[in-house]
Amino acid sequence: MPTATVNGISLNYQVKGAGPLVVLIMGTGSPGRVWDLHQVPALVKAGYRVCFFDNRGIAPSSESVHGMTIDDLVADTAALIELVRTGEEKTVVVGTSMGARVAQELALRRPELLDKAIFLAGHARLDEFQKTLGEGERALADAKTDLPPKYAAAITAAMNLSPTTLADPRQARDWLDLLEFSVGPTSAGVRAQLGMDENFDRGAAYGKIGIPCLSVGFEHDRMIPAYLSAELAKAIPDAKYVEIPDVGHYGYLERPEAINEAVLAFLRT
């Protein structure tokens, strides 16, 4: 993957396909290549040029270990769009979780760059559970406590997958094995992502967004409950809302065909 210098940092990115530009923005703690499992192939096949990248905090992009803000991530993504777009073409941004917040702020602050915006597990605010969970994640990282891999895998699965997936013995075993294998210490860059402000409420501000937007909620999402994604859609003038059944926070991996269908249907309208 090539590296670009934008907004004073290095960003690791890749572009695949040909056609109108779609930029994918990943959530907290995950590399951009996660998109390459399901969403990138579907978008490329549908005739789009797709850019995905590692947010600051995710090596080999700059880890920004001394801290970062949502403003930094928005500026990073805007600069990358300006780098990879052709001339003055407008792009579609698709973000999930933290990446959805970045896409939401881009839709508000840099509408001249965008044609449409799609928010997976988007949210204009967090409730008390998410804030407390965030405090706990930061405390766990700072204590450098290594959870037993099987326990860490079970907790991650419970927080990010749907009851439907976990009730299927084969699917549950596959996911638990994968999550157990991927357990590791929190990197300094991911810890910096976790440290971003969680006491925000952008509902009123998003009433000024003027581009077409789609908010996608995940029915069994415990990290960003679907009601927050539905609330986001109500805050944005004329935004559409779709709720995907039988998925948790990893919906784009859990039922990628349903997510891809919702994304592509909105792009075609």
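A compact table of results
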quantity: Complete set of residues in segment 111-137 that are closer than 24 Å to PRO20 by Cα, open to solvent by 40 Å² or more (accessible area, probe 1.4 Å) and either in contact with a His (Cβ under 7 Å, 6 or more places away or on another chain) or not in a strand (DSSP E or B) (or both); calculated: PRO111, GLU112
quantity: Test: residue in segment 53-63 that is farther than 21 Å from LEU194 by Cα, modelled with pLDDT of 95 or more and surrounded by fewer than 16 Cβ atoms within 10 Å (Cβ to Cβ); calculated: no
quantity: Residue count for segment 6-38, restricted to those that are among the polar types (S, T, N, Q), part of a loop (DSSP other than H, G, I, E, B), at pLDDT 95 or above and open to solvent by 40 Å² or more (accessible area, probe 1.4 Å); calculated: 1
quantity: Number of the condition not met by PRO2 [criteria: (1) open to solvent by 40 Å² or more (accessible area, probe 1.4 Å); (2) modelled with pLDDT of 95 or more; (3) not hydrophobic (A, V, I, L, M, F, W, C)]; calculated: (2)
quantity: Subset of segment 210-269 (residues that are in contact with a helix residue (DSSP H, G or I) (Cβ under 8 Å, 6 or more places away or on another chain), hydroxyl-bearing (Ser, Thr, Tyr) and open to solvent by 20 Å² or more (accessible area, probe 1.4 Å)); calculated: TYR241, TYR250
quantity: Segment 159-178, subset open to solvent by 50 Å² or more (accessible area, probe 1.4 Å) and of a type in the set (A, V, I, L, M), residue nearest to ALA143 (Cα to Cα); calculated: LEU178
quantity: Members of segment 179-195 that are out of contact with any Asp or Glu (no Cβ under 9 Å at 6 or more places or on another chain) and either surrounded by 13 or more Cβ atoms within 10 Å (Cβ to Cβ) or of a type in the set (Phe, Trp, Tyr) (or both); calculated: LEU179, GLU180, PHE181, GLN193, GLY195
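The values are calculated or read from the model by the stated rules, or taken from the named source; none is laboratory data. Keep in mind that this is a model prediction, so the values were computed, not measured. Here the Cβ is made from the backbone with ideal geometry for all residues, glycine too, and neighbour counts use every protein chain on show. Heavy atoms of the whole protein, side chains included, go into the accessibility calculation; ligands, DNA and RNA do not. Shrake-Rupley method; radii C 1.70, N 1.55, O 1.52, S 1.80 Å.
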